[in-house]
């Protein structure tokens, strides 16, 4: 249990610099891939999407500018 927690903490700490040092084209490519995955998942839904009020800030921050 402690080893698992320690592993997760170290992994998160090591991932922070990689995110901060990433180039703009790499960030743009990641956003493009995530938007594509989101589009695929939306097509797989059979019922209309129902967003909760807590989902609005996340959607607003993910919207293209």
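The values are calculated or read from the model by the stated rules, or taken from the named source; none is laboratory data. Everything quoted here is computed from the prediction, not taken from an experiment. Because the Cβ atoms are built from the backbone with ideal geometry, glycine has one as well, and the counts that use them run over all protein chains shown.
The table that follows gives values for the structure above.
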{"item": "Pairs, first over 14 Å from residue 62 (Cα atoms) in segment 35-51, second not in a helix (DSSP H, G or I), C-beta under 8 Å, six or more apart", "result": "42/49"}
{"item": "Test set (1) exposed (fewer than 10 other Cβ atoms within 10 Å of the Cβ); (2) modelled with pLDDT of 85 or more - residue 1 fails condition number", "result": "(2)"}
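Rundown of residues vs (1) surrounded by 10 or more Cβ atoms within 10 Å (Cβ to Cβ); (2) at pLDDT below 85; (3) in a helix (DSSP H, G or I), yes/no style:
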position: 12; (1), (2), (3): no, no, yes
position: 34; (1), (2), (3): yes, no, yes
position: 47; (1), (2), (3): no, yes, no
position: 55; (1), (2), (3): yes, yes, yes
position: 60; (1), (2), (3): no, yes, yes
